[in-house]
Amino acid sequence: MKVEEAITQRHSTRAFTDQKISEDQIRKIISLAQLAPSWVNSQPAHVYAATGTTLELIRQRQANAVRTGAASKTEVPTVSRSSFPKEKQDNMAKWYASIPDAIGSEWQKYNNDAALKLYNAQLILYLTLPKNHAEWSMFDLGLFADNILLAAKEQGLDSMTAYYLVMYPQILRETLPISKNERIIVGIALGYKQDDATINGITSEREPVDDVLTVVK
Ligand SMILES: Cc1cc2nc3c(=O)[nH]c(=O)nc-3n(C[C@H](O)[C@H](O)[C@H](O)COP(=O)(O)O)c2cc1C
């Protein structure tokens with residue numbers, strides 16, 4: 001697969017099939033992700049790959065927490081949409097407005113159902129950084145994460161990067177061997193896309209390239 005194909009064919013996938021992912025596949029994806037550049041080769045990322053009964057326990061505990069309305073607090077603070085610059089708020093509003101057109105007015109129900117099941121992912125990668133990480137490490141982790149998404153795509157796997165996956169860090173800390181010296185940043189669900197799931201009909205557009213690019217001659 002060409003890099004361009006992997007980039008253009010990657011989309012956030014909110015419903016996966018029951019097909020499992022082997023440990024060899026996980027190792028291959030993460031070893032490719034490790035080739036991302038980082039500040040002075042500091043390599044700040046750590047990955048906890050939750051599968052099998054551990055993942056089922058997380059799924060069950062998170063569903064209970066959501067159903068009972070337990071308060072959630074991510075370790076990277078969430079920010080309100082209104083704190084983004086106006087044009088970026090417009091991008092977000094446009095994306096939300098496109099969802100009912102793509103999958104119908106019941107979209108929130110589909111989304112909530114899919115999220116409650118953690119998208120039926122058979123593998124979730126939880127990405128952490130050292131607790132007192134340098135600000136640059138967050139940039140490094142983004143590069144590392146995108147390598148995961150593209151390496152997965154080459155293996156026929158789709159992905160879902162989500163805040164939702166780390167909204168109850170305490171559950172993750174009680175089920176995974178995450179040390180207190182680490183900060184939980186984000187979750188990436190990987191799996192085989194369920195092609196006939198309505199929720200996977202969500203699409204997204206991008207700003208015209210000239211809005212994000214200034215070529216200076
Ligand atoms: C850090 C991060 C967190 C995200 N969290 C969520 C989430 O909690 N729920 C969700 O439905 N989508 C989430 N997304 C997916 C974005 O909505 C999606 O990437 C965006 O709409 C562009 O669509 P695409 O990934 O299909 O290209 C998240 C994406 C990123 C990068």
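The values are calculated or read from the model by the stated rules, or taken from the named source; none is laboratory data. Quick caveat, the model's predicted, so the values are computed rather than measured. Positions of Cβ are backbone-derived with ideal geometry, glycine not excepted, and every protein chain shown enters the neighbour counts.
Tabulated values for the structure
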item	result
Selected residue [surrounded by fewer than 21 Cβ atoms within 10 Å (Cβ to Cβ), under 27 Å from Asn111 (Cβ atoms) and either near the ligand (Cβ under 10 Å from one of its atoms) or modelled with pLDDT under 95 (or both)] from Ala197, Ala162	Ala162
Residues (assigned to a helix (DSSP H, G or I) and either more than 13 Å from the ligand (Cβ to nearest atom) or over 15 Å from Thr78 (Cβ atoms) (or both)) located in the range 165-185	Pro169, Gln170, Ile171, Leu172, Arg173, Glu174, Thr175
Hits in the range 1-55 - residues which are closer than 20 Å to Val166 by Cα and among the hydroxyl-bearing types (Ser, Thr, Tyr)	Ser12, Thr13, Tyr48, Thr51, Thr53, Thr54
Within the range 101-151, tally of residues that are within 13 Å of the ligand (Cβ to nearest atom), under 25 Å from Ala49 (Cβ atoms), among the small types (Gly, Ala, Ser) and not in a loop (DSSP other than H, G, I, E, B)	4
Close pairs (6 angstrom Cβ cut-off, 6 or more residues apart or separate chains): under 30 Å from Gln9 (Cβ atoms) and in contact (Cβ under 8 Å) with a residue 60 or more places away in the chain in the range 158-183, of a type outside the set (D, E, K, R) and assigned to a loop (DSSP other than H, G, I, E, B) anywhere	Asp158/Thr13; Met160/Thr13; Val166/Thr74; Met167/Ser72; Met167/Thr74
Among (1) loosely packed, with under 13 Cβ neighbours inside 10 Å; (2) not in a loop (DSSP other than H, G, I, E, B); (3) not small (Gly, Ala, Ser) - the single one Val215 does not satisfy	(2)
Test: residue in the range 131-142 that is in contact with a helix residue (DSSP H, G or I) (Cβ under 8 Å, 6 or more places away or on another chain), under 22 Å from Gln9 (Cα atoms) and in contact (Cβ under 8 Å) with a residue 60 or more places away in the chain	no
Residue count for the range 18-58, restricted to those that are under 19 Å from the mean Cα position of the chain (by Cα), surrounded by 17 or more Cβ atoms within 10 Å (Cβ to Cβ) and of a type in the set (Gly, Ala, Ser)	5
